[in-house]
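Working notes, beginning with the structure itself.
Read the figures in this text as sums done on the coordinates, not as results from a lab. Computed from a predicted model, the values in this text were never measured in an experiment. Using ideal geometry, Cβ is built from the backbone for each residue, glycine included, and neighbour counts are taken over all protein chains shown.
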Amino acid sequence: MIKGKLITFEGIDGSGKSTQIKKLESRLKKLKINYITYREPGGTSLSEKIRQILLDKENMELSYISEGLLFAAARAQLVKEKIRPDLDSGKVVICDRFIDSTIAYQGYGRELDVQKLVSINEIATEGLIPDITFLLDIKPENAFKRIDSTEIDRMESVGIKFFKKIRKGYFQIIKDSPERFFLINADQSELLIENEINEIIDEVIK
Ligand code: TYD
């Protein structure tokens, strides 16, 4: 069976993932590569419903454990319904966030047990691991300037200290599995970031 590639983008809120994903999409289109993009939490009708629960600022009573399990449930549904079949049909799958977001946000940010979260997510994804992951690394102070303060969701409302912990968490995740990660300095200009990503993609897609 031909197998596609799973490419994930990670980083704190405001790191510029969505902009870079759009650029990558137009490049893949030009190269006539069959791709599809999903964002987490979301991507299936059930996962989008779970997303609403997770991001709604009304749901402040949601416990950290429920939060972690809901992200994993949304992911399980996305993998089963979409990502697996897409990879099996040979597509390049781009995912705006994946497991590493749970480890960084719920593990290092909310301080839930990292090993347990890894196990829960292995169950959720049936062991699927991205082929490559771009970490768009930016200082939380700079990322915050990019977030529209009138549209802050439940996760973003926690504040800058939370994002500092998440950033450190991402660094730890890279240390634990360096092979699939590409660390990108997202404080650079959009063009420089785009060029760096393109070079890596060329190697992987070849
Ligand atoms: P979203 O608006 O998609 O943010 P972004 O554009 O930065 O990706 O909201 C997703 C939020 O959920 C974001 O704050 C990160 C958080 N999140 C987790 O805490 N754990 C997870 O496993 C995932 C996928 C996201």
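Brief remarks on what is shown
- The residues neighbouring LEU87, those whose beta-carbon lies less than 10 Å from its own, together hold a net charge of +2 under the Lys/Arg +1, Asp/Glu -1 convention.
- Our coupling estimate for the stretch 103-113, obtained by passing each phi through the Karplus curve with A = 6.51, B = -1.76, C = 1.60 and θ = phi - 60°, is 5, 6, 7, 7, x, 7, x, 7, 6, 7, 5 Hz, Gly and Pro reported as x.
- log10 of Debye I(q)/I(0), alpha-carbon scatterers only, for the stretch 1-121 at 0.12, 0.14, 0.16, 0.23 Å⁻¹: -0.47, -0.63, -0.81, -1.39
- In the calculated pair-distance distribution of the stretch 5-204, the portion above 20 angstrom amounts to 55 percent of the Cα-Cα pairs.
- Of VAL93, VAL79, VAL158, VAL204, the sequence from fewest to most neighbouring Cβ atoms within 10 angstrom is VAL204, VAL158, VAL93, VAL79.
- Percent RCO, i.e. relative contact order, over the chain, from Cα pairs under 8 Å lying at least 6 residues apart: 33 percent
- Springs between Cα atoms under 10 Å define the GNM used for the chain, and in it the highest mean-square fluctuation of LEU87, LEU31, LEU112 occurs at LEU31.
- Dipole of the stretch 5-204 [Lys/Arg +1, Asp/Glu -1 at C-beta], most positive-end residue of THR125, ILE83, ILE174: ILE83
- Sorted by Cβ density within 10 Å, fewest first, the residues LYS23, LYS161: LYS161, LYS23
- Put the Cα centre of the stretch 1-75 next to the Cα centre of the stretch 141-172 and the gap is 17 Å.
- Among the listed pairs LYS23/LYS139; LYS145/LYS168; LYS165/LYS206, those with a Cα-Cα distance over 26 Å are LYS165/LYS206.
- For LYS5, the residues whose amide H sits under 5 Å from its own are VAL92, VAL93, ignoring neighbours fewer than 5 places away on the same chain, with H placed 1.01 Å from N.
- Residues ILE193, ILE123, sorted so that the one with the fewest Cβ neighbours within 10 Å comes first: ILE123, ILE193
- Qualifying lysines (Cα of each under 21 Å from Cα of LYS49; at least 8 residues distant if same chain): LYS57, LYS80, LYS82
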